[in-house]
Amino acid sequence: MALPQLKEEEIYTYADLLKWDEDVRAELHDGAFVMMPPPTTKHQGIITELVYQLHGYSKGKKCKVFAAPLGVRLFPKMDRSDDTVFEPDIVVVCDIEKLDERGCNGAPDLAIEIISPSSVKYDRVYKFRKYQKAGVMEYWIVDPETNTVQVCILENDRYLVSVYDECDKVPVSVLEGCEIDLSDVFGVY
């Protein structure tokens, strides 16, 4: 994997990301290059079960489910100068016009992040604010340590937050009638 020559003071854009090898897993946070470390086995198990349940529900419907890596340009610019590109663990996109061969251009309907010790601040504060500002209708923060899910639903440009635990079934507001059984999600490992 060829890593780009990075300079700490440099501001990077989506155009820069396109020049790097596909194997480079990174995000751009306001122009800062942020490497994505390999996830834990539990992290991957949670993603697999969530995708399984979401995909099973959405199969044959207009919304599409994607697992990382899939680039999400929350505020896409025609000249590819956007400086914020995320790779959520899971996204659901109902407006397929937002999809191209590289990812999602604009706010997905649902973004799910599974937190790890190195990503807690980014996921709970930085990404929370960015997703809210971009108009992501539903944002889930999954905590494998506490077996909880913080569900953020956008209402009047602000997130309303509910917390669910491993005994709950969580309604997915962007997929009418869909419920995720957290006992299966957290029962993986």
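The values are calculated or read from the model by the stated rules, or taken from the named source; none is laboratory data. Keep in mind that what you see is a predicted model, and the values were worked out from it rather than measured. When we count neighbours, we look across all protein chains shown, and the Cβ atoms used for this are built from the backbone with ideal geometry, even at glycine.
Numbers below:
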quantity	calculated
Count of the stretch 62-75 residues which are farther than 30 Å from residue 40 by Cβ and without any contact (Cβ under 8 Å) to a residue 40 or more places away in the chain	1
Residues (over 19 Å from residue 138 (Cα atoms) and either in contact with a Leu (Cβ under 9 Å, 6 or more places away or on another chain) or surrounded by fewer than 15 Cβ atoms within 10 Å (Cβ to Cβ) (or both)) located in the stretch 98-120	100, 101, 102, 117, 118
Conditions (1) in contact (Cβ under 8 Å) with a residue 12 or more places away in the chain; (2) over 23 Å from residue 26 (Cβ atoms); (3) not in a loop (DSSP other than H, G, I, E, B): number failed by residue 48	(2)
Test: residue in the stretch 35-45 that is surrounded by 14 or more Cβ atoms within 10 Å (Cβ to Cβ), in contact (Cβ under 8 Å) with a residue 24 or more places away in the chain, of a type in the set (Ser, Thr, Tyr) and not in a loop (DSSP other than H, G, I, E, B)	no
Residue count for the stretch 24-58, restricted to those that are over 27 Å from residue 117 (Cα atoms) and in contact with a strand residue (DSSP E or B) (Cβ under 7 Å, 6 or more places away or on another chain)	2
Residue 95 closer than 21 Å to residue 47 by Cα and either of a type in the set (Gly, Ala, Ser) or modelled with pLDDT of 95 or more (or both)	no
All positions within the stretch 155-174 that are of a type outside the set (Phe, Trp, Tyr) and touching a strand residue (DSSP E or B) at 6+ places or on another chain (Cβ under 7 Å)	160, 161, 162, 163, 165, 169, 170, 171, 172, 173, 174
Complete set of residues in the stretch 178-189 that are modelled with pLDDT of 95 or more, surrounded by fewer than 18 Cβ atoms within 10 Å (Cβ to Cβ) and not polar (S, T, N, Q)	179, 181, 184
Filtered residues of the stretch 156-189 (kept if of a type outside the set (S, T, N, Q), in a strand (DSSP E or B) and within 19 Å of the chain's Cα centre (by Cα))	158, 159, 160, 161, 163, 164, 170, 171, 179, 180
Looking only at the stretch 130-148, and only at residues there that are in a loop (DSSP other than H, G, I, E, B) and among the polar types (S, T, N, Q), the one that is surrounded by the fewest Cβ atoms within 10 Å (Cβ to Cβ)	146
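Conditions (1) of a type in the set (S, T, N, Q); (2) out of contact with any strand residue (DSSP E or B) (no Cβ under 9 Å at 6 or more places or on another chain); (3) modelled with pLDDT under 90; (4) not in a helix (DSSP H, G or I), marked per residue:
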position	(1), (2), (3), (4)
9	no, yes, yes, yes
17	no, no, yes, no
22	no, yes, yes, yes
60	no, yes, yes, yes
65	no, no, no, yes
76	no, no, yes, yes
81	yes, yes, yes, yes
91	no, no, no, yes
111	no, no, no, yes
